[in-house]
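Asker: Submitted below is the structure of interest, expressed as structure tokens.
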Amino acid sequence: MTTHAEPATEPPVSEAADTDDEVTTDPGWFRKAVVYQIYPRSFADSNGDGIGDLPGIISKLDYLQKLGVDVVWLSPIYTSPQDDNGYDISNYRDVDPLFGTLADLKKLTDGLHSRGMKLVMDLVVNHTSDEHPWFVESRSSKDNPKRDWYWWRPPRENPEAGPGSGAEPNNWGSAFSGPAWEFDQVTGEYYLHLFSRKQPDLNWENPEVRAAVYEMMNWWLDRGVDGFRMDVINFISKDTSLPDGLKAEGMLFGDGSPHFMSGPRIHEFLHEMHLEVFAGRDKPLLTVGEMPGVTVEDAVLFTDPARREVDMVFQFEHVALDQEDGNKWRPRKLRLTDLKQSLGRWQEGLAERGWNSLYWGNHDQARAVSRFGDDGQYRELSAKMLAGILHLHRGTPYVYQGEELGMTNMSFGAISDYRDIEVLNHHREATTHLGHTDAEVLAALAPLNRDNARTPVQWDASRHGGFTTGAPWIAVNPNTSHVNAAEQVDNPDSVFSFYRKVIALRHSEPVVADGDFTMLLPDDEHVYAFRRSLLGPASASGAGATPGVQLLVLGNFSGEDRTVELDGGGWGDAEAGAAELELGHYPAELILGNYPHDGAGTHDTVTLRPWELKVFRRQHNN
Ligand code: TEU
Ligand code: CA
């Protein structure tokens, strides 16, 4: 854990106001920004077909503005057979009729822009749909000009294997169960698909593929979108020899990830993309790379502004701590010390160079309050506490739709209640090839399956939560009767109102965006504690002439009272040791909390009530 008290090195941030003839773009603008993720299928349905759509989103723009977010990241709305809910794209330059039209998208873009928000699109270019014309051509013959746009390999020598089975070119498994290879009758070869068989991987070694992707990205930026969230972008460079992966005991397939995660040419490709797509565009854009398995060391390289790759990455370490061997079907209890150790290491690793993204959830993860908080008695308190803890780390926070309402995991019944290809395929494989019972598999997949996060946004207490007038594509959580936006938007004590406050704090308080981060109490199993510090602006007489600002953030991750000792030389300063906190020597103000009354505390201790969050602010001399 970082114990040093050095000031954060601040990049040159231009405070100059824009003028008509000279556009100044603040390169670090996204430090102050909060991003809201929309999973369109589950957001709001305008036409009663049970599936969320673009007009539905447009009808909720005032809601987003009220929440105060700066950027909307829209999960895929492109033409798609919907094998993986739109992450299988058959036309990158059109909108799927399920969701609307290009004209609707323009209206959405304009509606966001006119409210001061930006639009970030999902970019899914590790793979296309097998129905994309590129793949249709590629599979048509071995000498088709697009043959080499994908990964085709002949069957492996295996005398026992019949045609198309057991002769896969290597032993890799797909993320959605089964082998990562599909045999194609037309040419008698296999193609690689790290995800579903309807998601063939593009061959980024081929410069024509890269050029086609960059052209498409430029087309979108020219149409006014403000950036991209890049799906599994660290999978695009593969070891071209595609070697077998290690096969763990009890597993059906080898683990190919060392051969495609952050592969040999990944930095080269992302830098090239930057030059071909982003360089020279002077409006503020956002690029965030989704990167399963990325390490802190690599993330520094990906996000160092001087290297011109991406602004930030989504790392996966903290969302793998509550499972055995990173296997989401083998959930286990999370230890708070593991969470602090992991997030603290990311804070420290990207303190000087690079930038963090911050998230508890998204469309692939369980609901934050069910996973990290308490979705029973303390649902509201813990949802608020989690918001405060996450958003006050150093980095750009992401809010996943419904998180701002404290939406919870869904309790599904039979496997037929699920919709996600990942969970359906896993259930089939586990009950057939691995010999587990239906009940065992259902119990194991309940906590972390992706459909937890994909139930519709709960707008009101009506039958389908105000999401649709028809039959929703996936069940609405019955707790919409009391967990819903209508109840919360104008209620000052709601989770929604708390998110508004936390988001507003980032905009008004520079230490939230720019301050450095010091983890405190790393060994405490119940209390999450850290300090943020920002030196005051240097005056003419030199640095340190004006007071700086510090925040002390305390969160109780338990349902019992917890008392924290405040001792030593000041909020965990280096001299006092990182494990100690102190309030007494300086006047500190409680600026944010999730209980109506301040509660107990003396100069020497603070007692946190169940799931309590307390944020203190003080000025200090530099
Ligand atoms: O997810 C990539 C990814 O690695 C996972 O988080 C994935 O959800 C998988 O479940 C691992 O268990 C991205 C998208 O966010 C996801 O929705 C897509 O299904 C996937 O890529 C393929 O495009
Ligand atoms: Ca619809």
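The values are calculated or read from the model by the stated rules, or taken from the named source; none is laboratory data. Note that the coordinates shown come from a computational prediction; the quantities given were computed from them, not determined experimentally. Please note: Cβ atoms are built from the backbone with ideal geometry, for glycine as well, and neighbour counts cover all protein chains shown. Calculation scope for accessible area: heavy atoms of the full protein, side chains included, ligands and nucleic acids excluded. Shrake-Rupley method; radii C 1.70, N 1.55, O 1.52, S 1.80 Å.
Asker: Can you compute the charge dipole magnitude of the chain about its Cα centre, using +1 on each Lys and Arg Cβ and -1 on each Asp and Glu Cβ, nothing else charged? Give it in debye, rounded to the nearest 20.
Answerer: My answer is approximately 800 debye.
Asker: When Lys and Arg each count +1 and Asp and Glu each count -1, what net charge do the other residues less than 14 Å away from D62, Cβ to Cβ, add up to?
Answerer: Around D62, the surrounding residues sum to +3.
Asker: Per residue and in Å³, how big is the convex hull formed by the alpha-carbon atoms of segment 72-196?
Answerer: Measuring per residue, one finds 113 Å³ for the Cα hull of segment 72-196.
Asker: Considering amide H positions built from the backbone, and no H for Pro or chain starts, which residues 5 or more places from R281, or on another chain, come under 5 Å of its amide H?
Answerer: So R281 has HN proximity to no qualifying residue.
Asker: Taking the simple approach of a point 7 Å from Cα along Cα-to-Cβ for both L275 and D239, what is their distance in nm?
Answerer: Spacing of the two 7 Å Cα→Cβ label points: 2.8 nm.
Asker: Volume per residue, Å³, of the convex hull around the alpha-carbon atoms of segment 324-371?
Answerer: 104 Å³
Asker: Same structure again: Two decimals is fine: what's Rg over Rh for the chain, C-alpha atoms, Kirkwood radius as Rh?
Answerer: 0.97
Asker: Over segment 129-201, what is the relative contact order in whole percent, taking alpha-carbon pairs under 8 Å and six or more residues apart?
Answerer: Once divided by the residue count of segment 129-201, the mean separation gives 31 percent.
Asker: Sorted from largest down, what three extents in whole angstroms do the Cα atoms of segment 159-213 have along their principal axes?
Answerer: 41, 25, 17
Asker: Between helix 495-508 and the chain, what is the angle of the helix's C-alpha long axis to the longest principal axis, kept within 0 to 90° and rounded to the nearest 10?
Answerer: With both axes taken from Cα atoms, the answer is about 70 degrees.
Asker: Here's a follow-up. Measuring with a 1.4 Å probe in the full set of protein chains, what accessible area per residue, in whole Å², belongs to the chain?
Answerer: 39 Å²
Asker: Using Cα pairs closer than 8 Å and at least 6 residues apart in sequence, work out the relative contact order for the chain, in percent.
Answerer: Value for the chain: 13 percent.
Asker: Along the charge dipole of the chain, Cβ charges K/R +1 and D/E -1, which of V369, N491, P305 sits furthest on the positive end?
Answerer: Checked the options; the winner is N491.
Asker: With point charges of +1 on the Cβ of Lys and Arg and -1 on the Cβ of Asp and Glu, referenced to the Cα centre of the chain, which listed residue (V136, Y36, L554) lies farthest in the positive direction of the dipole?
Answerer: Y36
Asker: Of K106/K614; K32/K198; K107/K146; K142/K283; K238/K384; K106/K198, which sit over 32 Å apart, Cα to Cα?
Answerer: K106/K614; K32/K198; K107/K146; K142/K283; K238/K384
Asker: Can you say what percent of the DSSP beta bridges in the chain, counting only those with both residues inside, are antiparallel? Round to 5.
Answerer: So the antiparallel bridges amount to about 65 percent of the total.
Asker: So, one more: Kirkwood Rh over alpha-carbon pairs of segment 129-201, then Stokes-Einstein at 37 °C and 0.692 mPa s: what D in µm² s⁻¹, rounded to an integer?
Answerer: It diffuses with D of about 267 µm²/s by this estimate.
Asker: Under 9 Å from the Cβ of L334, count the other residues' Cβ atoms, weight Lys and Arg +1, Asp and Glu -1, and hand me the total.
Answerer: Result for the local shell: +2.
Asker: Sequence-distant or interchain residues sharing an amide H contact under 5 Å with L608, placed H: which?
Answerer: Distant-sequence amide H within range of L608: R562, T563, V564.
Asker: As a test of reading the structure, rank R506, R265, R330 by solvent-accessible area (1.4 Å probe, protein chains only), most first.
Answerer: The most accessible residue leads, giving R330, R265, R506.
Asker: Here is a follow-up. Would you tally the net charge around Y418, using a Cβ to Cβ cut-off of less than 10 Å, leaving Y418 out, and scoring K and R as +1, D and E as -1?
Answerer: After counting each charged neighbour, the total is -1.
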